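Heads up, the thing below is written out as structure tokens.
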Amino acid sequence: MRAAVFTEPGVVGAVPMDAQLQILAFEFLTAEKRLTGSAFGSSNIRRDFARFARLVETGQLDLASLITGTIDLSEVNMALEALKNGQAIRSVIVR
């Protein structure tokens, strides 16, 4: 994980809850890096939901391309397994 901090764009996404990061302070300082945490993308639902809705309505945000597939509720366990194996990224449950 240390190598990811000193590359661009760095670490993006979730890490295991017990992950630790060790860096040399001098290297961190001289590389002029920043360490920033973010919970759920640091979104502001009151501001962002309306913005995303407008982007979808105007065709500037294609939500369909973000969905790997649709599944029935009875297929949830299979979808979770596909996610774990890297075969799917995001599935939507439909009735």
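Count of the range 78-93 residues, restricted to those that are within 20 Å of LEU63 (Cα to Cα) and of a type in the set (S, T, N, Q), is 2.
Look at the range 37-57: where a residue is of a type in the set (A, V, I, L, M, F, W, C), no partner that is exposed (fewer than 10 other Cβ atoms within 10 Å of the Cβ) and modelled with pLDDT under 90 sits 6+ places away or on another chain with Cβ atoms under 6 Å.
When the range 32-51 is filtered for residues that are modelled with pLDDT of 80 or more, in a loop (DSSP other than H, G, I, E, B) and either at positive phi or small (Gly, Ala, Ser) (or both), only SER43 remains. For the range 53-69, the count of residues that are assigned to a helix (DSSP H, G or I), more than 21 Å from VAL94 (Cβ to Cβ) and not hydrophobic (A, V, I, L, M, F, W, C) is nonzero. Of all residue pairs spaced 6 or more apart or on separate chains, those with beta-carbon atoms under 9 Å, a first member in the range 73-92 that is in a loop (DSSP other than H, G, I, E, B) and a second member that is hydroxyl-bearing (Ser, Thr, Tyr) are GLN87/THR68; ALA88/THR68; ILE89/THR68; ARG90/THR68.
The values are calculated or read from the model by the stated rules, or taken from the named source; none is laboratory data. Just so we're clear, the structure is a prediction, and the values are computed from it rather than from any experiment. Note: ideal-geometry Cβ built from the backbone for every residue, glycine included; neighbour counts use all protein chains shown.
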